[in-house]
Amino acid sequence: MPYPNERAGFSALEDLDRRRIVEAFGDRLAQGVNLPPKSLPRFEPFPRGTSRPIVVALDGSSIYHRIPARLPVTEAGLLSIAIVRIDVQGLVNLARLPESGAIDPVQLRDTEDTSTLQLALPGRNARSADGQVSRDWFRSVVQEALESGHFGGETLADTLHALLARTHEERNIKCPNVLCESRPLTPPPGQLRSRCQNCGTAVLLSDALRAQEIFSDEQPCGDAHGRIRQAFEILCLLNLLRGLVESPNGRAALRRIAFVLDGPLAAFSTIAAIQPGVLQEISRIDSLLSPGRLLVMSAVKTGAFVQHFAELDEAPAPDSRIPRGTVFLPDDDYIRENIIARTTDQPWGQITYFGRPVVVKTHGGQRLFLNLAQPEAAPPLTDAPHPVVLKEAIATAERLGVGHHEFLPLRRAHAKAAIPLRIGTTIIESLAKPQ
């Protein structure tokens, strides 16, 4: 980082040129495919389908910030998850404001029901008053949220137990004691805590998410907080699904609901351990409804896929190349050749994703990049036939695409979940107390 008012000179550029470092690198660089591709992939006209009458949208938000006037540097975070139920038919029938064409916000709120989950998380050097070091306090807070959080029926802890038990991932959880190399089982069903048989350290169910492995007092812990937020988004979805599928009325409701998440349908980094259980549980729930009836999808706003199809759609004018009213499901070969380079023999998304990519260009001109769960198919999903629920997913997305490539349910869920940056940081700063 430069000092204030320091400007970069030309010495480094002169050395780069003299040593031909960039030219040598270019000689070794493998040639790639010119972007955008010379021809469009085969976008197909929309299959005819019926929109789901109810959308349940789920989104999470987190803030991570320093608590002032503390040494060593002490930080904390806030996490919020919102689940918004939207009456699609009621939404579509709402009158528009005459000048802007927007929906009256007051009437819009009348079509929604919202449930939320929030918690404050310790960051680096945030020790508890009862003597827990920051890492153990972080583990305990996540554990308490799992034990108490629910959206009807079982707790989030019960849901996590079920996901782990389906793939025996609990057998690979490392002891939370950094000086111990044993891999004890997580607490067995019905128990939320146990002890490492080797060193006696308390083992919590929350340790199965492995976020504590990237928690450190030597650097900001925003990544660990982000993994917990992502894990809770997935657990809240599965908590809802598992609760509804247990009753006839719930199963009837599941056949009428489109569940929509923000971001990829995937479990990245440390929490990838729950991905196999998520795939199996979604498949189990779908089979109880009848194969192909469970509709779970997400909308992705940024990343390599979004950028690729934006570039593909930009010539001769922005948003003009992909035909309206069409859909494309990229397979593994297309992804590896054009979007994500192949580095292993595994199909794309094999160990992290529980949904497949779908690109939709609505009749209104919105380009939506979706992930769609396909519980009736075995992985790899990118090589499976078209999902049974594709027609309903597209029909639902078509009705709710708004603005410039935006998806209304997630905009509403984000409005409920988002913690304003300035206010959120002010709240964390308020934790500073005079000594």
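The values are calculated or read from the model by the stated rules, or taken from the named source; none is laboratory data. The shown structure was predicted, so the numbers you read here are calculated from the model rather than taken from an experiment. Cβ atoms come from the backbone with ideal geometry, glycine included; neighbour counts cover every protein chain shown. Side chains included, ligands, DNA and RNA excluded: accessible areas come from the protein's heavy atoms. Shrake-Rupley method; radii C 1.70, N 1.55, O 1.52, S 1.80 Å.
The residues of segment 382-391 that are in a loop (DSSP other than H, G, I, E, B) and either crowded, with 23+ Cβ neighbours inside 10 Å or touching a residue at least 40 places away in the same chain (Cβ under 8 Å) (or both), listed by number, are 386, 387, 388, 389.
Going through segment 200-212 one residue at a time, which ones are more than 20 Å from the chain's Cα centre (by Cα) and in a helix (DSSP H, G or I)?
Here is the first cut: in segment 200-212, the ones more than 20 Å from the chain's Cα centre (by Cα) are 200-205.
Matches in segment 200-212: 205 only.
Using the structure shown, decide if residue 426 is hydroxyl-bearing (Ser, Thr, Tyr), modelled with pLDDT of 75 or more and either buried (at least 16 other Cβ atoms within 10 Å of the Cβ) or not in a helix (DSSP H, G or I) (or both). Explain how you work it out, then say what you get.
Values: hydroxyl-bearing (Ser, Thr, Tyr): yes; modelled with pLDDT of 75 or more: yes; either buried (at least 16 other Cβ atoms within 10 Å of the Cβ) or not in a helix (DSSP H, G or I) (or both): no.
Judged against the criteria, residue 426 is not a match.
Of all residues in segment 51-94 being open to solvent by 50 Å² or more (accessible area, probe 1.4 Å) and assigned to a strand (DSSP E or B), which is modelled with the lowest pLDDT? This residue is 87.
Do we have residue 186 as in contact with a helix residue (DSSP H, G or I) (Cβ under 8 Å, 6 or more places away or on another chain) and at pLDDT 90 or above here?
Answer is no for this residue.
With respect to the conditions (1) in contact with a strand residue (DSSP E or B) (Cβ under 6 Å, 6 or more places away or on another chain); (2) farther than 21 Å from residue 88 by Cβ; (3) at pLDDT below 95, residue 129 falls short on a single one, namely (1).
Tell me, which residue of segment 322-333 that is on the phi < 0 side of the Ramachandran plot and either over 23 Å from the mean Cα position of the chain (by Cα) or at pLDDT below 90 (or both) is most open to solvent (accessible area, probe 1.4 Å)? Result: 324. Within segment 300-321, if we keep just the residues that are hydrophobic (A, V, I, L, M, F, W, C) and open to solvent by 10 Å² or more (accessible area, probe 1.4 Å), the residue that is nearest to residue 394 (Cα to Cα) turns out to be 300. Considered as a group, the residues in segment 2-20 that are open to solvent by less than 80 Å² (accessible area, probe 1.4 Å) and either at pLDDT 80 or above or among the hydrophobic types (A, V, I, L, M, F, W, C) (or both) include one that is farthest from the chain's Cα centre (by Cα), and that residue is 15.
Would you please name the residue that is least open to solvent (accessible area, probe 1.4 Å), looking only at residues in segment 339-351 that are over 17 Å from residue 384 (Cβ atoms) and modelled with pLDDT of 90 or more? Give the derivation first.
Let us first name the residues in segment 339-351 that are over 17 Å from residue 384 (Cβ atoms), namely 339-345.
From the residues that got through so far, the ones that are modelled with pLDDT of 90 or more too are 339-340.
Details: 339: 31, 340: 55 Å².
Here the residue is 339.
Taken together, the residues in segment 393-413 that are at pLDDT 70 or above and surrounded by fewer than 21 Cβ atoms within 10 Å (Cβ to Cβ) amount to 3. Scanning segment 112-133 for residues that are among the small types (Gly, Ala, Ser), surrounded by fewer than 21 Cβ atoms within 10 Å (Cβ to Cβ) and farther than 16 Å from residue 83 by Cβ yields 120, 128, 129, 131.
Criterion first (touching a strand residue (DSSP E or B) at 6+ places or on another chain (Cβ under 9 Å) and charged (D, E, K, R)) does residue 218 satisfy it?
Values: touching a strand residue (DSSP E or B) at 6+ places or on another chain (Cβ under 9 Å): no; charged (D, E, K, R): yes.
Taking the combined requirement at face value, the residue does not satisfy it.
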